[in-house]
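Have a look at the structure below before the remarks.
The values are calculated or read from the model by the stated rules, or taken from the named source; none is laboratory data. Here the structure is a predicted model, which means the values were calculated and not measured. Note that we place each Cβ from the backbone using ideal geometry, even for glycine, and neighbour counts take in every protein chain shown. Heavy atoms of the whole protein, side chains included, go into the accessibility calculation; ligands, DNA and RNA do not. Shrake-Rupley method; radii C 1.70, N 1.55, O 1.52, S 1.80 Å.
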Amino acid sequence: MKDTTCTAQFKVVKNGASVGLFEGADTDVYFLAWTTTPWTLPSNTALAVGPKVTYVRVRTFNPYTGAPVTVVLAKDLLGAYFSEKHADLALEDYKEGDKHIPFKITGELTGEQLSGISYEQLIPWITPNGDAFKVITGDFVTTEDGTGIVHIAPTFGADDDRVAKQAGIAPLILLDREGKRQPMVDRTGKFFLIKDLDPGFVREHVHIDSYGEFAGRFVKNAYDEKLADEDATLDIDISVMLKKENKAFRVEKHVHNYPHCWRTDKPVLYYPLDSWFVKTTAIRERMIELNKTINWKPESTGTGRFGKWLENLVDWNLSRSRYWGTPLPVWRSEDRTAEICIGSVEELMNEIEKAVKAGVMEKNPFEGFKPGDFSTENYEKIDLHRPYVDDIVLVSEDGKPMYREADLIDVWFDSGAMPYAQVHYPFENKDAMPFPADFIAEGVDQTRGWFFTLHALSSMLFDSVAFKNIISNGLVLDKNGNKMSKRLGNAVDPFKVIDENGSDPLRWYMMTNSQPWDNLKFDMAGIDEVKRKFFGTLYNTYSFFSLYANVDGFKGDETVVPVKDRPEIDQWVISLLNSLIMEVTTLITVMSLQEPVELFRSL
């Protein structure tokens, strides 16, 4: 998509840490940082540089205000901002409005030398609570594009949040009227309205005059029903503001990739959320060892996509902010000093009885339910989903009411627990589990979904693999190689295809056009070809047999002639059939699935 991008000027604070940057400088010094999302600039709290990257200090003029400035950017990206044709222009000859802007390199520094230098807040609408506005280092910083200096907004990016935490940099967090910590953008996609913020927080941290002009603005036009794509965006208005304030060095349109929701086609916004995690990093090495014992097809998915995922494993984000699904069985007191995780219905019933006796609940909502009775009639007396489970209030050891955490459990937890949950483990069938599975198959997009949760849970609970063999299927795309979507109108109705062509031609087409783990470009013309060339041949062969069998009065119940007494050509056909059966069986046993198809086609 095409967006407004901004290369912002962050003014360096002159102090002991930055003395080297100001040596010989006759202007203010600025760090240049490029962003494709200017709406995140008000949430900036750090700048990241590459520790081994070489940076240059350049004396020049701001192209919008004409003000003399000294800017810092990566040496390798100097040519992206300054033309060699202007290198010989004299600084003293420049006049405001000149299109040809002179520049002069006045120094070189490494990223390590820039680390720790402070700068002024770019857009001081809201002040953060903690250490901020410093240069930090990060190995992820490259000189492929931008300026070699990365704008860090911890509340709107996982990587930003990670590096900021490592460096002790505070995120820009707001406090709403309910006392909850929030990013600057609310859940509808707009800057928080001042009336929705905690009054005390507003008094201490919010510059009402400057922020008030932008409060309530949607960060993307797609989220504002009153705006169209051609209307001015928040990115544009923020960039224009920075231009006027001598804080923008370059503003331009740029085509780049940006994630969009596959259902609504609206741009995705990233938010920081409080979540519950499973510490999978504690068993990362063991998970890697167990993965090496699995027979992956293709092998490259096991060692590559899935293997690399395990090597770079982070803790599993277990909770989800949803309504429908499996509720998180955790109850906590309001002051968060007491909590309990419920492990069974029987334990929940016992805790409810304690709560009723303590007076925090009037009665047991599941009264009459008998733990240990797994009959349908008994389980019709209980419902552990929302909203019913949210009405349960438990009591701590010191008498405090405990309320359920509102989140649900990641649905992939349910899928990953399937091998043993389906037989009601650990309450039944401890010694009769169909586990681990000999074989599973699913789409390659399940690398971080079902494949991972199966492997993680089995590793943690049983120190075992969940499956011994796996085929990671490719995706079915449209004939042009695009992902099928009802919204795009390129989806194919499989039932219509079967009604018009039959199920066997469809199966054979899909089997013969790609390996199971490769993507398939689905084309209806290919099914027509399969019907003509393969099934047409089969049909004609059988028609030939049927014609002469009827002429000869063949019934199929005649006395069987021993194979050794049959003509050589008959013996050859039977031998060919049995060889085919043997070879196909062997190949399928070792999950080699394309070769059997080729054997059939070669007959």
- Task: Considering only residues that are open to solvent by 40 Å² or more (accessible area, probe 1.4 Å) and under 19 Å from the mean Cα position of the chain (by Cα), look in the range 397-413 and name the one that is nearest to Arg322 (Cα to Cα).
- Result: Val411
- Task: Say whether the condition of being outside any loop (DSSP other than H, G, I, E, B) and without any contact (Cβ under 8 Å) to a residue 12 or more places away in the chain is met by at least one residue in the range 86-96.
- Result: yes
- When residues of the range 427-459 are limited to those that are in contact with a helix residue (DSSP H, G or I) (Cβ under 8 Å, 6 or more places away or on another chain) and part of a loop (DSSP other than H, G, I, E, B), the one surrounded by the most Cβ atoms within 10 Å (Cβ to Cβ): Thr447
- strands (runs of 3 or more DSSP E) contained entirely in the range 99-163, each with at least 1 residues that are open to solvent by 30 Å² or more (accessible area, probe 1.4 Å) and closer than 12 Å to Ala48 by Cβ: 134-137, 149-152
- Message: I'm trying to understand the selection: among the residues of the range 414-426, which are open to solvent by 60 Å² or more (accessible area, probe 1.4 Å), assigned to a loop (DSSP other than H, G, I, E, B) and more than 14 Å from Gly343 (Cβ to Cβ)?
- Response: Gln422
- Query: Between residues in the range 531-552 that are closer than 22 Å to Leu506 by Cβ and residues that are small (Gly, Ala, Ser) and loosely packed, with under 10 Cβ neighbours inside 10 Å, which pairs lie under 8 Å by C-beta distance while being six or more apart or on different chains?
  - Reply: none
- Checked the range 221-257 for anything hydroxyl-bearing (Ser, Thr, Tyr) and in contact with a Pro (Cβ under 6 Å, 6 or more places away or on another chain); matches are Ser239
- Consider Leu348 carefully, then state whether it is open to solvent by less than 60 Å² (accessible area, probe 1.4 Å), outside any loop (DSSP other than H, G, I, E, B) and in contact with a helix residue (DSSP H, G or I) (Cβ under 8 Å, 6 or more places away or on another chain). no
- Query: Of Pro51, Pro102, Pro38, which residue is closer than 25 Å to His254 by Cβ and either not assigned by the TED database to the domain that holds Asn15 or not charged (D, E, K, R) (or both)?
  - Reply: Pro38
- Query: Taking the range 361-390 as the search range and keeping residues that are farther than 22 Å from Asp274 by Cα and under 33 Å from the mean Cα position of the chain (by Cα), which one is most open to solvent (accessible area, probe 1.4 Å)?
  - Reply: Tyr388
- Task: Provide a single number: the residues in the range 252-275 that are closer than 18 Å to Thr40 by Cβ, outside any loop (DSSP other than H, G, I, E, B) and in contact with an Asp or Glu (Cβ under 9 Å, 6 or more places away or on another chain).
- Result: 2
- Task: Only one of these is open to solvent by 20 Å² or more (accessible area, probe 1.4 Å) and either of a type outside the set (Asp, Glu) or outside the structural domain of Trp125 (by the TED database) (or both): Gly212, Gly189. Name it.
- Result: Gly212
- Message: With free of Cβ contacts under 8 Å to residues at least 12 places away in the same chain and acidic (Asp, Glu) as the only criterion, which of Glu120, Glu178, Glu112 stands out?
- Response: Glu178
- Scan (1) hydrophobic (A, V, I, L, M, F, W, C); (2) farther than 30 Å from Val492 by Cα; (3) modelled with pLDDT of 90 or more for the single condition Leu603 breaks and write down its number. (3)
- Task: Taking the options Lys11, Lys95, name whichever one is open to solvent by 50 Å² or more (accessible area, probe 1.4 Å), modelled with pLDDT under 95 and in the same structural domain as Gly130 (by the TED database).
- Result: Lys95
- Result of the Cβ filter at 7 Å on the range 364-393, keeping first residues that are assigned by the TED database to the domain that holds Asn350 and under 20 Å from Pro329 (Cα atoms) and partners that are among the polar types (S, T, N, Q) and surrounded by 14 or more Cβ atoms within 10 Å (Cβ to Cβ), at least 6 apart or interchain, is Phe369/Asn378; Lys370/Asn378
- Go through Asp265, Asp235, Asp274 for me and flag whichever is loosely packed, with under 11 Cβ neighbours inside 10 Å and either farther than 30 Å from Lys180 by Cα or within 26 Å of the chain's Cα centre (by Cα) (or both). Asp274
- Message: I'd like the residue in the range 477-530 that is of a type in the set (Gly, Ala, Ser) and over 22 Å from Ser300 (Cβ atoms) and, out of all such residues, is surrounded by the most Cβ atoms within 10 Å (Cβ to Cβ).
- Response: Gly526
- Query: Mind checking which residues of the range 229-285 are small (Gly, Ala, Ser) and in contact with a helix residue (DSSP H, G or I) (Cβ under 7 Å, 6 or more places away or on another chain)?
  - Reply: Ser239, Ala248
- Item | Test result for Phe534, crowded, with 16+ Cβ neighbours inside 10 Å and part of a helix (DSSP H, G or I) | yes
- Message: Based on this model, can you work out whether Arg332 counts as among the charged types (D, E, K, R) and more than 23 Å from the chain's Cα centre (by Cα)?
- Response: yes
- Taking Cys341 and the conditions (1) open to solvent by 60 Å² or more (accessible area, probe 1.4 Å); (2) at pLDDT below 95, which numbered condition does it fall short on, given that it satisfies the others? (2)
- Name the residues in the range 46-79 that are in contact (Cβ under 8 Å) with a residue 12 or more places away in the chain, in a helix (DSSP H, G or I) and open to solvent by 30 Å² or more (accessible area, probe 1.4 Å), would you? Lys75, Asp76
- So which residues in the range 286-331 are small (Gly, Ala, Ser), surrounded by fewer than 15 Cβ atoms within 10 Å (Cβ to Cβ) and either at pLDDT 95 or above or not in a loop (DSSP other than H, G, I, E, B) (or both)? Ser300, Gly304
